[in-house]
Amino acid sequence: MFNLLRMDLYRMKRSKSVYVCFFTMLAVIFLCYLLVYLLGTPEGRKVADRIGMLTVYDSEGHVVSDPEMKMVMMEEGEDLLEDANLLEMFRDSDMRGGLHNILFGIAVALFVCGDYKGGSMKNIMALHRNRWPYIGSKLIAVGILDFLYLVLGFGFNCLMNLLFGNMLPFGSWGDILFYLAWIWPVTMAFAALIIALCVFTRSITIGVLGAVLGGSGLAVMMVSTFLGYFHLNGWVKYTLYHAINNGPSSYASPEDLRCLAIGLVFLVVYSVVSIVLLIRQDI
């Protein structure tokens, strides 16, 4: 397995998609900070007013001069930073909207399906009759990538906060470490789902589509909406999407470990499914 892992890490290091997805994530985080700065700080609102972001237009496209409306818009901007800190901004800009899972999932799909596309899968399976080392190697490799995405993404949030004048308080190191400790297994479980999907279909298109639908929560929301007509949507709180969006930012009770448990269970289930699917395939 170590030879497979070394090969996977080498491929991942040289993969352009890994860097494209990562820098796309950083670009979106930067835009989020820029928007919050322009609307949520006094200095930023002055800039926003000068460039016309706070200008109101009527239905015919004419500028409406209404000081009271502009004042309301500026007061609403102040609410953006109310009770906010660096961890919550990281969650809002990178995690809750599905940005991390979508881009990370796309990178995983391209990475796994690359074995099928390049024709190297037959050679790998010929050398490794046991299928579990192949899946294990993929999980460790994407786990390292996931960890780097999370830690570097949070580090970039710190850098952006510093660049925009420390508009957000740092918060507690304990809360940050607790959040990263449980979000990593949960996002790893999502990666295991993408791996299972790619092994089953051998299709980059299906893998990327699964990353987008699953990471954004569209798949969960569509199924939940349909089952909601039959009052059968209580399962949503046990999904990975719900855990990522509504999980705790700090530890207060053992109940806060439920998201970690959900992530670990799905990680094991999807890993086993991937191994079973690979065993049953004729490669």
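The values are calculated or read from the model by the stated rules, or taken from the named source; none is laboratory data. Just so it is clear, the model here is predicted, and its values are computed rather than measured. All Cβ positions, even for glycine, are placed from backbone atoms using ideal geometry, and neighbour counts span all protein chains on display. Heads up: the accessible areas ignore ligands, DNA and RNA and are worked out on the full protein's heavy atoms, side chains in. Shrake-Rupley method; radii C 1.70, N 1.55, O 1.52, S 1.80 Å.
Based on the alpha-carbon set only, what is the convex hull volume of region 113-205 divided per residue, in Å³? Walk me through the numbers before you get to the answer.
Working: hull volume 11.4 nm³, N = 93.
Looking at region 113-205, the number lands at 123 Å³ per residue.
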Under the classification rounded if a/c is under 1.5, otherwise prolate if a/b is larger than b/c and oblate if not, where does region 81-156 fall, given a ≥ b ≥ c as square roots of the Cα gyration tensor eigenvalues?
prolate
Checking a compactness column here: for region 217-277, what do you get for Rg(Cα) / (2.2 N^0.38 Å), N being the number of residues?
1.30
Given the peptides 223-232, 163-172, 101-110, 206-215, arrange them by the average over their residues of other C-beta atoms within 10 Å, most packed first.
101-110, 206-215, 163-172, 223-232
Rg(Cα)/(2.2 N^0.38 Å) for region 154-283, N = residue count:
1.27
Work from the charge dipole of the chain (Cβ charges, +1 for Lys and Arg, -1 for Asp and Glu, about the Cα centre) and give the residue of Leu257, Val269, Leu81 farthest towards its positive end.
Val269
Mind checking which helices in the chain clear 27 Å along their axis (Cα) and have mean Kyte-Doolittle hydropathy of -0.5 or more, DSSP H runs only?
16-40, 132-163, 173-201, 258-280
In Å, what Kirkwood hydrodynamic radius results for the chain from the alpha-carbon pair distances?
20.9 Å
Tell me whether region 166-237 comes out rounded, prolate or oblate; compute the Cα gyration tensor, take square roots of the eigenvalues as a ≥ b ≥ c, and use a/c under 1.5 as the rounded threshold.
oblate
About the Cα centre, charge dipole magnitude for the chain (Lys/Arg +1, Asp/Glu -1 at Cβ), debye:
2160 debye
Heavy-atom accessible area per residue, the chain, 1.4 Å probe: how many Å²?
53 Å²
